[in-house]
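These notes are about the structure you will find just below.
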Amino acid sequence: MKACIAGIGSYVPARVLTNADLERMVATSDEWIRERTGIRERRIAATGEACSDLAVQAGKRALTAAGLAATDLDMILVATCTGDYPLPATACLVQHQLGATKAAACDLSAACCGFVYALSVADAYIKTGMRHVLVIGSEVMSAITDWTDRNTCVLFGDGAGAAVVSASDGERGILSTHLRSDGTLCELIMVPGGGSRTPPSEKVIDERLQYIKMKGNETFKVAVRSLEEIARSTLAANHLRVEDIDLYVPHQANIRILKAVMERLGLPIEKVMLNVERYGNTSAASIPIALDEAVREGRIKDGSLVMLGAFGAGLTWASAVIRW
Ligand code: UT7
């Protein structure tokens with residue numbers, strides 16, 4: 001028994017925030033952002049549009065693609081670091097909105113690796129008897145972005161992507177997942193205020209501690225190293241060579257990180273899905289949005305061998321290999 005991706009879908013908010021818009025907000029330039037990150041524009045949720053709203057739209061599209069009803073679902077996992085509320089879990093709001101009356105629902109917090117981590121959880125549940133698990137990566141990063149901090153505000157965007165993971169007894173399916181963490185590097189990317197260590201207070205607001213802080217340059221170096229390491233061990237564990245991969249779908253954080261990884265692995269650009277230019281870094285939503293676009297563009301077909309690679313706050317890093 002394997003867990004296969006039976007349907008995929010994504011949703012991004014309508015509002016586009018361009019680099020030219022950011023030039024009017026902070027001391028930056030379109031040229032700097034494009035050269036250092038590869039990003040031209042990103043999507044921003046409307047006022048009142050929350051994580052679950054994006055997740056529901058992506059989830060509906062994935063269910064339609066899979067030809068399933070919400071009532072077929074055994075479980076809903078929402079990977080996010082920007083849920084609607086500290087509690088309840090955003091997955092429960094999605095469960096209600098979709099009418100998934102038989103489904104268990106919970107959130108998974110692994111930052112930009114959330115979708116790949118959740119995929120591995122779904123894989124394990126399918127192997128132990130569940131039939132259909134909806135895995136969603138959904139983020140409203142704009143809610144935790146400090147729009148006065150040019151070091152971070154140019155990087156992030158909002159969106160959601162979803163995959164229906166179903167039991168299958170053919171050749172198709174998730175061949176492996178690899179998950180890693182290193183909490184010694186937890187301070188590289190962090191929202192320092194608003195949690196139980198530093199609960200919300202006037203001080204938190206005054207010091208803008210409710211927003212994401214990142215040591216970009218250090219994160220960059222670790223990202224390249226960890227994406228290369230996990231790709232190599234994933235290929236070795238599956239007795240694959242890099243040439244066997246039809247499409248590498250990495251977390252979309254920075255084009256320079258991905259170019260460095262491609263160079264180290266010897267992966268040609270034609271075999272890499274890139275859309276950071278249009279969405280920026282959408283954290284847990286980035287890989288499922290990229291997967292959905294790759295399927296719709298015909299870059300992933302039945303039988304394609306797809307490798308995912310993610311890294312993010314924690315630090316965490318993760319991979320999966322899927323026979324589509
Ligand atoms: O998914 C979460 C994982 N996070 C990431 O993947 C992020 C990884 N890191 C990065 O993508 C890059 O480190 C950044 C894009 C964040 C920064 O690029 P960098 O080449 O590492 O630049 P830097 O941090 O070394 O900064 C270079 C300069 C600094 O000025 P000085 O000190 O050299 O005068 C910054 O103040 O660029 C300045 N700078 C900016 N200038 C114009 C920083 N942000 C901006 C900006 N516009 N938006």
Within region 307-322, residues among the aliphatic types (A, V, I, L, M) and either within 17 Å of Gly7 (Cα to Cα) or part of a strand (DSSP E or B) (or both) come out as Met307, Leu308, Ala310, Ala318, Ala320, Val321, Ile322
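Of all residues in region 192-208, count the ones that are over 16 Å from Pro86 (Cα atoms) and surrounded by 10 or more Cβ atoms within 10 Å (Cβ to Cβ). Explain how you work it out, then say what you get.
Of the residues in region 192-208, the ones over 16 Å from Pro86 (Cα atoms) are 202-208.
Filter once more, keeping what is surrounded by 10 or more Cβ atoms within 10 Å (Cβ to Cβ): 203-205, 207-208.
Number satisfying all stated conditions: 5.
Only one residue in Ile257, Ile230 is surrounded by 13 or more Cβ atoms within 10 Å (Cβ to Cβ), in contact with a Gly (Cβ under 8 Å, 6 or more places away or on another chain) and of a type in the set (Val, Ile, Thr). Which one? Full working, then the answer.
On the way: Ile257 fails: in contact with a Gly (Cβ under 8 Å, 6 or more places away or on another chain).
Going through Ile257, Ile230 in turn, just one is surrounded by 13 or more Cβ atoms within 10 Å (Cβ to Cβ), in contact with a Gly (Cβ under 8 Å, 6 or more places away or on another chain) and of a type in the set (Val, Ile, Thr): Ile230.
Taking strands (runs of 3 or more DSSP E) that do not extend beyond region 1-48, which have at least 3 residues that are under 17 Å from the mean Cα position of the chain (by Cα)? Step through it out loud before you land on a result.
Numbers: elements: 2-11, 15-18, 41-44.
So the answer is 2-11, 41-44.
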If Arg299 satisfies every condition in (1) within 24 Å of Lys221 (Cα to Cα); (2) outside any helix (DSSP H, G or I); (3) in contact with a strand residue (DSSP E or B) (Cβ under 6 Å, 6 or more places away or on another chain) but one, which is the exception?
-> (1)
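Rundown of residues vs (1) within 16 Å of the ligand (Cβ to nearest atom); (2) surrounded by 16 or more Cβ atoms within 10 Å (Cβ to Cβ); (3) under 30 Å from Ala294 (Cβ atoms), yes/no style:
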| position | (1), (2), (3) |
| --- | --- |
| Val121 | no, yes, yes |
| Lys127 | no, no, yes |
| Val133 | no, yes, yes |
| Asp146 | yes, yes, no |
| Asp158 | yes, yes, yes |
| Ser181 | yes, no, yes |
| Val222 | yes, yes, yes |
For region 228-272, what are the residues that are out of contact with any Phe, Trp or Tyr (no Cβ under 7 Å at 6 or more places or on another chain), part of a loop (DSSP other than H, G, I, E, B) and free of Cβ contacts under 8 Å to residues at least 40 places away in the same chain?
-> His239, Arg241, Gly266, Pro268
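Counting only residues that are part of a loop (DSSP other than H, G, I, E, B), farther than 26 Å from Ser52 by Cβ and among the small types (Gly, Ala, Ser), how many does region 139-179 have?
Initially, region 139-179 is screened for residues part of a loop (DSSP other than H, G, I, E, B), giving 144-149, 154-155, 157, 169-172.
With the extra rule that they be farther than 26 Å from Ser52 by Cβ, the set shrinks to 148-149, 154, 169-172.
Those still in the list that are among the small types (Gly, Ala, Ser) too: 170.
Total satisfying the criteria: 1.
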Only one of (1) within 16 Å of the ligand (Cβ to nearest atom); (2) more than 13 Å from the chain's Cα centre (by Cα) is not met by Ser286, so which one is it?
-> (2)
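Every residue, every condition in (1) polar (S, T, N, Q); (2) under 12 Å from Ser142 (Cβ atoms); (3) surrounded by 17 or more Cβ atoms within 10 Å (Cβ to Cβ), yes or no:
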| position | (1), (2), (3) |
| --- | --- |
| Pro13 | no, yes, yes |
| Ala20 | no, no, no |
| Glu23 | no, no, no |
| Thr28 | yes, no, yes |
| Trp32 | no, no, no |
| Arg40 | no, no, yes |
| Arg43 | no, yes, yes |
Does region 89-112 include one or more residues that are in contact with a Lys or Arg (Cβ under 8 Å, 6 or more places away or on another chain), surrounded by fewer than 21 Cβ atoms within 10 Å (Cβ to Cβ) and outside any helix (DSSP H, G or I)?
-> no
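Would you pick out the residues in region 180-227 that are over 23 Å from Ala310 (Cα atoms) and assigned to a helix (DSSP H, G or I)? First the steps, then the outcome.
Initially, region 180-227 is screened for residues over 23 Å from Ala310 (Cα atoms), giving 193-210.
Hits for region 180-227 are Glu202, Lys203, Val204, Ile205, Asp206.
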If you take the residues in region 240-263 that are within 16 Å of the ligand (Cβ to nearest atom) and of a type in the set (Lys, Arg), which one is farthest from Thr82 (Cα to Cα)?
-> Lys259
Mind checking which residues of region 67-88 are more than 19 Å from Asp107 (Cβ to Cβ) and crowded, with 21+ Cβ neighbours inside 10 Å?
-> none
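Rundown of residues vs (1) away from the ligand (no atom under 13 Å from the Cβ); (2) in contact (Cβ under 8 Å) with a residue 12 or more places away in the chain; (3) out of contact with any strand residue (DSSP E or B) (no Cβ under 8 Å at 6 or more places or on another chain), yes/no style:
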{"site": "Gly7", "(1), (2), (3)": "yes, yes, no"}
{"site": "Leu17", "(1), (2), (3)": "yes, yes, no"}
{"site": "Glu31", "(1), (2), (3)": "no, no, yes"}
{"site": "Thr37", "(1), (2), (3)": "no, yes, yes"}
{"site": "Ile44", "(1), (2), (3)": "yes, yes, no"}
{"site": "Leu54", "(1), (2), (3)": "yes, yes, no"}
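All of the numbers you see were taken from the coordinates with simple rules; none came from a lab. All values derive from a computational prediction rather than experimental measurement. Virtual Cβ from ideal backbone geometry, glycine too; neighbours counted across all protein chains shown.
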